[in-house]
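Readers should treat all values here as calculations from the given coordinates under stated rules, not as data from a laboratory. Computed from a prediction, not measured in an experiment: that's the story for all the values here. Note: ideal-geometry Cβ built from the backbone for every residue, glycine included; neighbour counts use all protein chains shown.
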Amino acid sequence: MTRSSLITDAQNTWCPGCGNFMILFALRNVLEALSEEGRSLDSVVLVSGIGCHAKIADYMNINSFYSIHGRTIPVATGIQLANPDLTVIACAGDGDAYAEGLDHLVFAAKRNVDITLLVHNNRVYGLTTGQYTPTSPLGFRGRSTPGGTIEEPFNPLELVLASGGTFIARESSLQMDSLQETIMEAIRHRGFSYVDILQICATYFNMTSYYRERMYRLKDHDESDFDQACDRMREWDYNGDAPIGLGIFYRREKDTFGGRLSGRKTVAVDRESAIRKILDERR
Ligand code: SF4
Ligand code: MG
């Protein structure tokens, strides 16, 4: 496939300046690089959720599945388990991954499901015109909180680390080259790869200046050190003025859920007979 053929001719309705464009182009470039290495893009599946980010499935010319709100991860998990030869990439919004689908995020990390999760974290519900999400900062003023939120955001990186995540990274839609490199590393990682992408919402929460003043790339960082990763993740709590580290915070090898599952002897169960037997015993 050529560069242009990876982008569809669907009308793009993202706002001018939206960070989703950079994520789309970064993913396009990564897929093209994989294709040049000999990987068939027919074996790649993109799953998206609901929200502005989800339109990426309309704009990317590969196998895709538009799922429902908060269920991006279980759909991606099912596809990967059904056909382990597929490379499954899940794109989710912060509403998808950190609110409605939070339990799925925790369990994907716990199980080490072999999928790549890219969270388009603009820290707002953009499609529904600007309500606060779990990563909006304290005091965020939006449609549902005109007086400002009264709750602090949580730190999703720490949550994934505590849940057993084996590849945990943070990137920004403002740094295209690094974003591409990290997405490539995430796809190459065997197991649950999670990238929290600080994505600009140009219309409802434009944090461009805030991020530019604080972002730095992790250096002299040991990705295999759990405690060091935890310390670096805690530097910025998605609130306040601390420096914001970007890069791969944590990476380790571990058996995948699919690998363990395929090692199991499958026992066929005739469910109907089993239920009849239970009912007969109760008569
Ligand atoms: Fe992008 Fe925000 Fe516009 Fe949605 S509302 S398309 S996230 S700029
Ligand atoms: Mg969002």
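Note on residue 264 and residue 143: the extension gain reaches 38.6 nm, defined as 0.36 nm multiplied by sequence separation minus the Cα-Cα distance. Calculated mean residue ellipticity at 222 nm for the chain: -10000 deg cm²/dmol, from DSSP H runs with n ≥ 4 weighted as -39500 (n - 2.57), summed, divided by the residue count and rounded to 500.
The lysine pair count for the chain, using Cα distances under 26 Å and pairs eight or more places apart or on different chains, is 5.
Among 68, 187, sorting on how many other beta-carbon atoms sit within 10 Å of each Cβ, with the fewest leading, yields 68, 187. Please work out whether the range 189-283 counts as rounded, prolate or oblate from its C-alpha gyration tensor, where a ≥ b ≥ c are the square roots of the eigenvalues and a/c under 1.5 means rounded, while otherwise a/b larger than b/c means prolate and anything else oblate? The shape class here is prolate. Label-to-label distance, residue 177 versus residue 66, with points set 7 angstrom from Cα along the beta-carbon direction: 3.6 nm. Between the range 207-276 and the range 41-89, what is the C-alpha centre distance in whole Å? So the separation of the two Cα centres works out to 19 Å. The ranking of 7, 62 from fewest to most other beta carbons within 10 Å of each one's beta carbon is 7, 62. Extension gain, residue 188-residue 42: 0.36 nm per intervening residue step, less the Cα-Cα distance, totals 50.9 nm. Considering the zone a paramagnetic label at residue 128 would reach in this model (a point 7 Å from Cα along the Cα-to-Cβ line), which residues of the range 89-113 have amide N under 15 Å from it? Backbone N within reach: 93-102.
Applying 0.36 nm per residue to the separation of residue 216 and residue 273 and subtracting their alpha-carbon distance, the gain on full extension is 14.4 nm.
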